[in-house]
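Trainee: I have a structure I would like to understand better, so I am pasting it below and will then ask my questions one at a time.
The values are calculated or read from the model by the stated rules, or taken from the named source; none is laboratory data. Bear in mind that the values here come from a model prediction, so they are computed numbers and not experimental data. As a convention, Cβ positions derive from the backbone with ideal geometry for all residues, glycine included, and neighbour counts pool all protein chains shown. These area figures cover heavy atoms from the full protein model, side chains too; ligands, DNA and RNA do not enter into them. Shrake-Rupley method; radii C 1.70, N 1.55, O 1.52, S 1.80 Å.
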Amino acid sequence: MRIRDWDTNLKLRLGGETAFNVIFWTFFPFLSIYFTNAFGKGWTGMLLVLSQLLSVLANLIGGYCADRFGRKRMMVFAASGQAFGYALFACAASPWANLHALAFAGFTLASFFGALYWPASQAMVADVVDEKHQSGVFAVFYTASNMAVVVGPLLGSLLYKDNPYAVLAAAAVICASIALVMRARLSETRPAHVADRHRTASGAPWYAAVAAQLRDYRVIAADRVFLLFSIAGVLLAQTFMQLDLLFPLFLKETVPLSTLFSFRGWDLTLTGQQLFGLIVSENGLFVALFTVVVTKWMTTYRDRFVFIGGALVYALGMMMFCNMSTFWGFTAAIAVFTLAELMSAGPQQAFVARLAPEEMRGQYFAAASLRFTLGRTLAPMSIPLTGILGFKGTFAALALLAVLSAVLYNVMFNKLEEAPRRPAGKTRRAKPKPEMK
């Protein structure tokens, strides 16, 4: 499905969200440095955990609100809330105010409203795109977001350090502009039967929807294979979530200057913070270029080898990163790190689809998302951990978690090849073949 054949709603969103993602990645990778300078490592880790917990809550109620109040209304409301949060952050981070607690409050508000935005955004794609074209449309949005990861950190390494409040103010302006354009140009896509259902249940409080979604996650405890898959995923998330948390702090504190090129007395050098922006851009570029190639490559191997191999490659990438001191060394480390990312992404989603019984597929995918929400909640604890173990000790501990996830994946596949089981009291499914592709 070509972009010119897309619904107008999607074209507007693609342009607006791409612009926002670029400016977002201009400052986001450097936030752990900003908050560490403001609060110290211990408080930064705790505050970021609190911020992510609130985002998890927002994500839980976001889908309910999108069905209850409509996709357009929730997207406009959420984008407006993000604009307010970033404006508050910009004002608090300005040299005239320099109010760190208020800056964190602005960041938390923006994160909360961002989590409210995405369920409505994803639902809109499902509303207006035929099922056979949905994967292609999602892929275009995914590619655009990864190109933003390439461009944003490069701009941030040049602009954010000296003008953080200006970059944050630009994010607020872009969010406000997106909200205005969506309010004027978007059309509501919520299906009529969804609107009718929520009108008849309009007396139900919002927290009842949250409780219902939390009850759905009981499938994790009922299906032992899925439980192992989820625990291993949470452990593995502690490695790849560090790209925006531990990596920038490590480079800032251990790499004062790094030489990219040297020719006849002329040197091109970067600070640790600027080097981090370049490293993150390399990660985004590798993802954009090699996602399809690596995904096709992984289909030639059994899932057992792909999952275990990906976890071990993550462990190798973490150990390489903390032992490098030059730009080219960090480039090699981030290449290994990205390979692990690409090995894990597509095959794991396909594995969930095969693992789930047809009548429980929605619950399984909802539960599978906990790997990232719980992983993102726990990941900031690596920052205060550096005060106890140091950087190398912390990286080694994270690598050990990746190895432990590989062990759990092996146990999971052993259990998968045992007798069939009945998940959550539902109908029995056929025993999966050991050779899962």
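Trainee: Looking only at the range 1-42, count every residue that is open to solvent by 50 Å² or more (accessible area, probe 1.4 Å) and without any contact (Cβ under 8 Å) to a residue 60 or more places away in the chain and tell me the total.
Mentor: Of the residues in that region, 5 qualify.
Trainee: Name the single residue that is least open to solvent (accessible area, probe 1.4 Å) among those in the range 291-306 being charged (D, E, K, R) and touching a residue at least 12 places away in the same chain (Cβ under 8 Å).
Mentor: Here is the first cut: in the range 291-306, the residues charged (D, E, K, R) are 296, 302-304.
From the residues that got through so far, the ones that are touching a residue at least 12 places away in the same chain (Cβ under 8 Å) too are 302-304.
On the way: Arg302: 51, Asp303: 8, Arg304: 29 Å².
That would be Asp303.
Trainee: Could you give me the residue pairs with C-beta distances under 7 Å whose first residue belongs to the range 275-290 and is more than 25 Å from Thr254 (Cα to Cα), whose second residue is open to solvent by 10 Å² or more (accessible area, probe 1.4 Å) and outside any helix (DSSP H, G or I) wherever it lies, and which are 6+ apart or on separate chains?
Mentor: Hits for this filter: zero, empty list.
Trainee: Next up: When you check Arg73 against the structure, is it buried (at least 20 other Cβ atoms within 10 Å of the Cβ) and basic (Lys, Arg), yes or no? Break it down into steps so the answer makes sense when it comes.
Mentor: Details: buried (at least 20 other Cβ atoms within 10 Å of the Cβ): no; basic (Lys, Arg): yes.
The answer is no for Arg73.
Trainee: Within the group Leu236, Leu243, Leu275, which residue is at pLDDT below 80 and open to solvent by less than 20 Å² (accessible area, probe 1.4 Å)?
Mentor: Values: Leu236 fails: at pLDDT below 80; Leu275 fails: at pLDDT below 80.
Among Leu236, Leu243, Leu275, only Leu243 is at pLDDT below 80 and open to solvent by less than 20 Å² (accessible area, probe 1.4 Å).
Trainee: Still on this model: Given the conditions (1) modelled with pLDDT of 70 or more; (2) over 30 Å from Leu389 (Cα atoms); (3) surrounded by 14 or more Cβ atoms within 10 Å (Cβ to Cβ), report the number of the one that Ser187 does not fulfil.
Mentor: Evaluating Ser187 over (1) modelled with pLDDT of 70 or more; (2) over 30 Å from Leu389 (Cα atoms); (3) surrounded by 14 or more Cβ atoms within 10 Å (Cβ to Cβ) leaves (3) as the failure.
Trainee: Select, from Ala38, Ala78, the only residue that is aliphatic (A, V, I, L, M) and over 20 Å from Leu246 (Cα atoms).
Mentor: Values: Ala38 fails: over 20 Å from Leu246 (Cα atoms).
None of the other options fit; the residue is Ala78.
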